[in-house]
């Protein structure tokens, strides 16, 4: 198909200093949970985006010096010339497809930990560090330190050019950079020429920009990534104050302005709290100030929104991190007139959770991310089938839908049977909860693709038993029947059922999501500590109920620290609930109240409750799988070669894990799989081996 002429604007080349971007699609710097732990995997992931049409592809923050390290977080050291060879893998992969490669040089300043090298943390003044709960303080940089920092940055820029990068960043954003810390009045209490007035506090930023331009500006573009508005920390720039003043002061100095808001949690805001293009009110002023090209972000997935941003003078480039992860081929699909095939980002921040949990980046929409090199998984290409076996998938939740899609693309004849009257399973239920409507894209993308495939048949309201499965004549059977929330309260904090769990006033999240009405006041007990408990509260409050939220942990929704939502969820819970009780465990439930016990003191209290919702843990819906697997001889006589459980039916997890499980099953059908099913690479594995 031909590209829609309305989108021609997105494919215009744009000059950035001495280099030219082939189009306006710009993958801004983003982390990945691996960095130098697996450089080949990361390079292949970036190269895949270039293959998919992103005109500029950037690294995450590359540390310019050993005094800026985040151990044990996976990070990207670019400390000396020995790092050049490894770093060059990324631009090589990107250049292969005609795109520009950018590197984000940075120093974390007081956000560093420096546990590995045991080097003092550096800052404009001596203050407690951001990164650690330990009693670390920064060293107040003297003039020698400042001169050394400038030298480190200049040398790193020269190394970047040697490694083959086209765009070299100066990083001053997210409250995570030393250059930014000099700007913050709450951090910089200096009285010399680097403190006090904004001109003085921004002096080091100007010097580093000028140093970088002088060193490499003849052949590499120099970009400034700048947080124009600080939401979280005191004394930072504001878009209608010092943020604007800095852009005005430096408007012609960098070759490109990459502007956003801070801190990182607000720059990568989830769909639960913001819509597409949410940063526009804060960053749109930049193009009115400078004639240099500008890149902004806003979780862009719609090409119409993208064109609007450019035509209205908000930006020159469509910046993206998360949308480029969800669909590395987003630009190519627009170019080829396949807009309906875009796998849109749902803004869940599961990708971010990988970084915070020291693990490879994941994506709910894209199961192939960071599997490109280690499993040889391409996001848009899949090997053809190797047999004429027919596949029956029981259950059309995220695992079943993805399995059907991947197996169908391989050419297998697939039948998908769903017991309920609608597709999507837990995705359909959860996307109807407050703020999660974008999550329905996980279902909608797959259903649309399956509807185009003549070799895939879908049957709704098809509750199957073991005998029916055996009688159908399929050689392969995948059971994707999902999981259900436990009613008895067993979970991380209760190894045995809660006393009183079997009363009529006790409910589960499944009940609430399926529309069961309850009588208040309601006590929501969240011992899972992820996102579901707070969603249940929002649903019940919207229905007019008085709600008490109880957590056996010291935090509300503690897991959502990984998705960077926890502070905002906590604030919302305190706004909505009549009471929020932490460090409290259920002792027993009665018909009109709940007895609570404080985790540490043992103090007991009774809370009135007409209804109790237990958000504790889930159990696999694996009865059908167990019934089939228990009789292998009958399976064989029925012509069934294999029966496998996938997704939550194996082990309840995130939706992203269910999608990955379904995809992996389809990829591995009729393939020879090694005992270790993926390649290993990088310094992490050699260190484990004692290297």
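Read the figures in this text as sums done on the coordinates, not as results from a lab. Note that the structure is predicted; figures quoted are calculated from it, not measured. As a convention, Cβ positions derive from the backbone with ideal geometry for all residues, glycine included, and neighbour counts pool all protein chains shown.
Fewest first, what order do 537, 469, 286 take by the number of other Cβ atoms within 10 Å? Before the final figure, lay out each step's value.
Details: 537 29, 469 22, 286 25.
With the fewest neighbours first, 537, 469, 286 line up as 469, 286, 537.
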Worksheet item: By what distance, in whole Å, do the Cα atoms of region 343-453 stretch along each of the three principal axes, largest value first?
Response: 43, 38, 20
Item to complete: Just need the relative contact order of region 5-356 here, percent rounded to a whole number, with Cα pairs under 8 Å and 6+ apart.
Response: 18 percent
Discussion item. If packing is taken as the average count of other Cβ atoms within 10 Å, what order do 149-160, 234-245, 259-270 fall into, highest mean first?
Written reply: 259-270, 149-160, 234-245
Discussion item. Can you give me the angle between helix 655-668 and the longest principal axis of the chain, using Cα atoms only, in degrees from 0 to 90, rounded to the nearest 10?
Written reply: 80 degrees
Worksheet item: Helix 39-51 versus the longest principal axis of the chain: what is the Cα-based angle in degrees, 0 to 90, to the nearest 10?
Response: 90 degrees
Response to the item:
Between residue 85 and residue 185, Cβ-based FRET efficiency (R0 35 Å, step 0.05) works out to 0.25
Item to complete: Output the Cα-based Rg and Dmax of region 192-331 in Å, rounding Rg to one decimal and Dmax to a whole number.
Response: 15.7, 50
Item to complete: Quick one: check the C-alpha center-to-center distance for region 52-96 versus region 309-339, whole angstrom.
Response: 23 Å
Item to complete: May I ask for the percentage of alpha-carbon pairs in the chain that lie more than 33 Å from each other?
Response: 53 percent
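Can you tell me the relative contact order of region 1-48? Whole percent, Cα pairs under 8 Å, sequence separation 6 or more.
Working: 24 pairs, mean separation 10.0, N = 48.
Computed over region 1-48, the figure is 21 percent.
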Item to complete: At a temperature of 37 °C and a viscosity of 0.692 mPa s, determine how fast region 5-356 diffuses translationally according to Stokes-Einstein, using the Kirkwood radius over alpha-carbon pairs as Rh; express D in µm²/s, rounded to the nearest whole number.
Response: 164 µm²/s
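Quick one: work out the % antiparallel among DSSP beta bridges in the chain, nearest 5. Mind showing how you got there, number by number?
Numbers: 18 of 85 bridges.
Taking every DSSP beta bridge within the chain, about 20 percent pair in antiparallel fashion.
Of all DSSP beta bridges in region 12-152, what percent run antiparallel (nearest 5)? Numbers along the way, then the final one.
Working: 4 of 16 bridges.
Counting only bridges with both partners in region 12-152, antiparallel ones make up about 25 percent.
Please report the antiparallel percentage of the DSSP beta bridges confined to region 489-619, to the nearest 5.
Numbers: 11 of 26 bridges.
Taking every DSSP beta bridge with both residues in region 489-619, the antiparallel ones total about 40 percent.
Taking neighbour Cβ counts within 10 Å as the exposure measure, how do 282, 678 sort from fewest upward?
Working: 282 21, 678 14.
Final ranking by Cβ density, sparse to dense: 678, 282.
Between residue 492 and residue 543, what length comes free when the chain is fully extended (0.36 nm per residue of separation minus the Cα-Cα distance, one decimal in nm)? Walk me through the numbers before you get to the answer.
Values: separation 51, 0.36 × 51 = 18.36 nm, distance 2.91 nm.
Length difference between fully extended and current span is 15.4 nm.
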Worksheet item: Do the sum for the chain: with -39,500 (n - 2.57) for every DSSP H run of n ≥ 4, divided by all residues, what is the mean residue ellipticity at 222 nm, to the nearest 500 deg cm²/dmol?
Response: -8500 deg cm²/dmol
Discussion item. Below 8 Å between Cα atoms, with a sequence gap of 6+, how large is the relative contact order for the chain in percent?
Written reply: 12 percent
Worksheet item: Between region 626-649 and region 460-477, how many Å separate their Cα centres?
Response: 10 Å
Worksheet item: Kirkwood Rh over Cα pairs of region 489-619 into Stokes-Einstein at 10 °C, 1.306 mPa s: D in µm²/s?
Response: 110 µm²/s
Response to the item:
Rounded to the nearest 10 degrees, the helix 203-216 long axis (Cα) sits at an angle to the longest Cα principal axis of the chain of 90 degrees
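Using Cβ contacts closer than 10 Å as the measure, can you line up 625, 233, 194 from fewest to most?
Values: 625 24, 233 15, 194 18.
Lowest count first: 233, 194, 625.
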